[in-house]
Structure formats: structure tokens, C-alpha cells
1. Which of the residues that make up the stretch 227-277 are surrounded by fewer than 24 Cβ atoms within 10 Å (Cβ to Cβ) and modelled with pLDDT under 95?
2. Which one of the conditions (1) at pLDDT 95 or above; (2) surrounded by 20 or more Cβ atoms within 10 Å (Cβ to Cβ) does residue 111 fail to meet, given that it meets all the rest?
3. What is the one condition in (1) farther than 28 Å from residue 297 by Cα; (2) in a helix (DSSP H, G or I); (3) without any contact (Cβ under 8 Å) to a residue 12 or more places away in the chain; (4) touching a helix residue (DSSP H, G or I) at 6+ places or on another chain (Cβ under 9 Å) that residue 127 does not satisfy?
4. Do you know which of the residues in the stretch 30-57 that are at pLDDT 90 or above and assigned to a helix (DSSP H, G or I) is nearest to residue 237 (Cα to Cα)?
5. For the stretch 75-97, which residues satisfy the criterion of being more than 15 Å from the chain's Cα centre (by Cα), within 21 Å of residue 16 (Cβ to Cβ) and crowded, with 21+ Cβ neighbours inside 10 Å?
6. I need a count of the residues in the stretch 219-276 that are in a loop (DSSP other than H, G, I, E, B) and farther than 26 Å from residue 153 by Cα.
7. If you check 158, 154, which single one turns out to be under 19 Å from residue 269 (Cβ atoms) and surrounded by 13 or more Cβ atoms within 10 Å (Cβ to Cβ)?
8. All but one of (1) in a loop (DSSP other than H, G, I, E, B); (2) touching a residue at least 24 places away in the same chain (Cβ under 8 Å); (3) surrounded by 18 or more Cβ atoms within 10 Å (Cβ to Cβ) hold for residue 100; which doesn't?
């Protein structure tokens, strides 16, 4: 029965995401919700000017619908799933999904201001960070109230460390940091969706090993939704996910990590996102201190573009790096 639920969840996420593109992409083009290409990437990206954006709505609907249907089927099989005894399991599932949707809404507001209001910058940096902090705190509070009050930090391949109350501010930093790191990864056709597909597969393996059925369902829905979106987003992209999609994906990824109770597993399973974020931090720090740049352009995927790599080749290379990180993450959990 479990296999049937997983299969239905995957098929629904894939089909819903892919099929919605038939209607939504022409609609976005009709209302002129096209991407404005600013001076933040290689000059040849100007050719992508006007490509419909906010396409993340496709997989947000597909993943959410599939996750809820899958969980309803699971509840039918698992008698008492919505009882007090499964409270934490339910909060990990619904709380994680709601957190991802909330981050997606922040991204939607950012995209809407950029496109509809013709303001290139969208939300200000301070507005984004305040909203992201509020969402992160609300999510952690929901886990705390549901009974997850452990402050033990599991460090992959190393061990455990009870860091007391420092666990909570560190958790907020992890959530906000990785959501923005996934956002940075969305810079070329198919990159964020492809690497997140790989990351979702890694978490599917981890959640299955640890018997977290709800998180397994979210992982499957996320992976299938990414594949459905790639039909429209792989190079040459017919639609971009926008901040609407990338922030939702970031929220889903951190929801999976906290859902299995190992936030720091993101250092391995989310290694590609970490590399993208670090490349920006190193570039900015180097330029401010020395006036010199380490990379030809950051985030690092643009550096590879400037070195002559095609977008497809970069996606393949970065997905391979993500896969290696996920394999290491699965191994670390297996030997715990």
C-alpha cells in the first residue's frame, strides 16, 4: 500500500505541474509577466528578456496538491494518523509544507512588485529578511509546541552535541541561509529545479531509512514536481520559476532537513546550495577588502558560464556535485 501511495503522489505532482504549464505559461505571456534581465549575469542573458516568470506557481500547486492527496491516502491506511499520538508527525508534514508556501508567498510578493509594479528591486533586503525570520520562528515554534524540544545537534560523520538554547538561533540561521542559497542557485535554465530534484531524492532515502512517512511523501512530491517543471524550464527555458518558485523550493528543502531531525544534513545534501552562497560571500568579501574578484562572476554558476561552459553542461556538473553530497548524506545517516 505504501508503494501505491508514493506512486500516486509522484504521478500527481509530475502531471499537475507539467499540465498546468499548458495554461499558465501563455497566460503569463498574455499579461506580460516577463522577466526583466538586470546587469546581474552574463550579457548574453539579455536574450532571455521577456521570458515569463513566476512559473514556480506550477510546481507549488502540483507539489502541494500531491502532498495533501498522498497524506490523505496515508491517513486512510494508518488508522489514527490525525490523533494526538501522531501530533509531531503531522506538524512536521503540515508545518513544513506551510513554511514552504509562506516562503513562496514572500517570493511571489517580490516578483509581483518587480513585474507588475515595474520596480526592479522588488522587496527591499530588510523587508525580505524580516519576513523570512518571522516564518522561520513560527515554524520552529510549531515544532516546539508539538513536542520537539530537543536541542541536540546531530553533526554528520561526527556525532551529537547538545547546544542548549543556542539551537534555536542557529536553526533560524540555517533556515534563512539555505532558503536564500536556493534562491541564488536559480540563475540559469534548469539549474535550481535539477539540483533540487537530486536533493529531494537524497531526502527521500534518508526519510525512508528513518521511517518518516510524511517527510518521504514531501520528498517524493518535491522530486516529481521538479521534473514536471523541467519540461518547461530546461534550456532553452519557456518559463522561469522566479523568486516565487526558488523560495518555495528553499522552504521545502529546509522542511525536509528539520523534518528528519538533522538540520545540519544540509551541509551534505544541500552542498551545491552552500557552494553557491559561499561563492557570493567570498566574492563580496574579497572585493571589499582587496578590490579584486575571486571569480569572473558570482554566484559561481555564472563564473562557469564566463569560462565558456554551456548552461546544459553546468546543470549536469552541478547536479553531479549535488548527487555526491546526497550520497554522503545518506551514508552518514546509515552509519549513525
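The values are calculated or read from the model by the stated rules, or taken from the named source; none is laboratory data. All of these numbers come straight from a predicted model, not from anything done at the bench. Using ideal geometry, Cβ is built from the backbone for each residue, glycine included, and neighbour counts are taken over all protein chains shown.
1. 234, 235, 236, 237, 238
2. So residue 111 meets the others, but not (1).
3. Single failed check for residue 127: (1).
4. Looking at the filtered set, the residue picked out is 56.
5. 93
6. So the count comes out to 8.
7. Matching residue, one of 158, 154: 154.
8. For residue 100, the failing item is (1).
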